[in-house]
Amino acid sequence: MKYRAWAFLILCNLFWAGNMIFGKYSASDFPAVWIALLRWAIAVVILVPMAHFIEKPAWLRVWKDNWKIILLLSVTGVVIYNILTYSALRYTSSTNGALINTLTPAMIMLFSLIFMKVKLSGMKIAGMVVSFLGVLTVLTKGNLLQVFHTAYNKGDALMIVVILFWTVYSLLSKKAKHIPSITMIAMTAIVGVILMIPLLFTQPLDVSRITPLGITGIIYLGLFPSVGSFIFWNQGMKMLGPNTAGMTMNLIPIFTAIIAVFLGQQLVASQFIGGLLVIGGMILTAGLFKWRPRARHVSAVPSSSKS
């Protein structure tokens with residue numbers, strides 16, 4: 001069960017890595033609200049039949065019993081998270097977006113500690129640090145001091161707000177563990193799309209700017225990050241908890257580098273080293289490796305008795 005959860009989370013983050021790249025392409029053609037709405041409209045067409053035939057929910061009953069948590073998840077995880085992400089990608093690079101996203105696990109752990117009184121072991125903290133160093137190694141090509149010379153802009157600031165809302169979404173999702181996974185995502189997507197329709201008028205669409213690459217980006221976003229990632233994320237998080245699941249988001253920059261190779265870029269040594277560090281940090285955080293001190297065997301010494 002544990003390894004299955006890790007497989008879900010790895011695939012989830014692979015698809016999210018593509019979200020950064022294709023989201024950047026789409027942000028050049030479409031306003032952020034349109035990207036978010038079109039992405040989730042595509043997802044709804046797939047998620048609703050999938051949930052209906054696989055989980056067979058009583059839709060009205062699920063909504064009536066859980067409308068508050070569904071509405072909160074829609075606002076945080078579908079509407080605000082997506083609009084801010086694609087707004088940020090208009091001003092910042094995919095690399096900067098991936099770098100700032102490495103703060104997500106620490107933010108989830110911090111919020112869990114403050115609001116949910118979750119205790120963090122030294123091993124989890126060590127894993128978080130190792131993974132973070134691995135991500136920085138990849139993004140800075142082995143020159144860790146480069147991170148302090150990065151020029152942050154409006155998009156970078158928006159990305160920080162983005163991870164705050166994703167943290168809230170992740171913690172709120174624990175309140176919806178009783179709702180079937182696909183059904184929950186389908187319902188949050190439906191509500192999210194409805195909520196975004198009035199917002200379309202705030203960012204008019206310029207049809208003349210749309211390119212085939214932008215359309216391809218929208219289709220990718222609707223299929224993989226929206227359907228695949230959200231299903232895998234919610235399944236994995238239910239099994240491992242938000243803290244451990246959040247740590248796997250450090251894989252996003254690693255997978256971004258892999259995708260870049262398929263797009264014709266070279267993979268350098270620092271990316272291999274950083275990838276190994278990230279994987280090592282995940283192992284520490286997940287508790288797959290546990291160090292136990294060897295017990296010292298002390299031979300019994302017979303006590304002398306007074307005569």
### Task
Residues being modelled with pLDDT under 75 and within 20 Å of Val278 (Cα to Cα): count how many of those fall in region 111-130.
1
### Query
outside any helix (DSSP H, G or I), open to solvent by 10 Å² or more (accessible area, probe 1.4 Å) and among the aromatic types (Phe, Trp, Tyr): does that describe Phe30?
yes
### Task
Could you tell me whether Ile114 is within 26 Å of Met282 (Cα to Cα), hydrophobic (A, V, I, L, M, F, W, C) and free of Cβ contacts under 8 Å to residues at least 12 places away in the same chain?
yes
### Query
Is one or more of the residues making up region 11-21 open to solvent by less than 20 Å² (accessible area, probe 1.4 Å), of a type outside the set (S, T, N, Q) and farther than 26 Å from Thr256 by Cβ?
no
### Query
Going through region 69-96 one residue at a time, which ones are over 18 Å from the mean Cα position of the chain (by Cα) and within 14 Å of Val162 (Cβ to Cβ)?
Arg90, Tyr91, Thr92
#### Entry: Residues being over 26 Å from the mean Cα position of the chain (by Cα) and basic (Lys, Arg) - total across region 31-68
3
### Query
Within region 154-184, can you find the residues that are out of contact with any Leu (no Cβ under 8 Å at 6 or more places or on another chain) and either open to solvent by 60 Å² or more (accessible area, probe 1.4 Å) or within 30 Å of Phe53 (Cβ to Cβ) (or both)?
Lys154, Leu164, Trp166, Ser170, Lys174, Lys175, Lys177, His178, Ile179, Pro180, Ser181, Thr183
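The values are calculated or read from the model by the stated rules, or taken from the named source; none is laboratory data. As the structure is a computational prediction, the values presented were derived from the model and not from experiment. Virtual Cβ from ideal backbone geometry, glycine too; neighbours counted across all protein chains shown. Ligands, DNA and RNA are stripped out before the accessible areas are found, and what is left, the full protein with its side chains, is counted by its heavy atoms. Shrake-Rupley method; radii C 1.70, N 1.55, O 1.52, S 1.80 Å.
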